[in-house]
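Asker: I have a structure here, written as C-alpha cells, and I will follow up with some questions on it.
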Amino acid sequence: MKFRPLHDRVVIRRIEEVGKTSGGIIIPDTAKEKPMEGEIVAAGPGARNEAGVLVPLDVKTGDRILFGKWSGTEIKLDGEDLIVMKESDIMGIIDAPAVSKKKAA
C-alpha cells in the first residue's frame, strides 16, 4: 500500500537506538524510551499561505530528523509502525550520523 501525506504533513520511521550503553550494559526493551529521531519516509507537497501560494516543505524524503517526544500520530501501515506529523512539529534536520564510533587504541 502506498500512502501520500497531504499538505504539510510527513510520514516518519523511528530510528531505533542501540540497546547497549557505552559500558556494555544491555538495556531491556521495557526500560527503553521511544526514540525521538527518525527518517522521513514520505512528505506532502507543502502548505498554502494566506495568498494561496504553495509553500514547499523544508524537509524531504530520506532526511534524518529530530522531533518531540509526544509529537505526531502513530499509525501502522503494511505491518510497520510509522508516525504522521506536521512539519512544524519537527525540531530540526540531523546532518551527521547521531552515533560516532571511536576506534579502540
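Every number in this text was worked out from the coordinates using simple rules, so none of it is lab data. Keep in mind that what you see is a predicted model, and the values were worked out from it rather than measured. Here Cβ is always computed from backbone atoms with ideal geometry, including for glycine, and neighbour counts include all displayed protein chains.
Asker: If you stretched the chain out fully between residue 3 and residue 37, how much longer would it get, using 0.36 nm times the residue separation minus the C-alpha to C-alpha distance?
Answerer: That works out to 10.1 nm of additional length.
Asker: Please give the length that would be gained between residue 14 and residue 70 if that part of the chain were fully extended, namely 0.36 nm times their separation in residues minus their C-alpha to C-alpha distance (nm, one decimal).
Answerer: Between residue 14 and residue 70, full extension yields 18.9 nm more.
Asker: Please give the FRET efficiency for residue 78 paired with residue 49, using the beta carbon to beta carbon distance and R0 = 25 Å, rounded to the nearest 0.05.
Answerer: E(calc), rounded to 0.05, equals 0.15.
Asker: While we're looking at this one, here's another question. Could you please report the charge total around residue 47, scoring K, R as +1 and D, E as -1 over all other residues with beta-carbon less than 14 angstrom from its beta-carbon?
Answerer: Counting the neighbours of residue 47, the net charge comes to -2.
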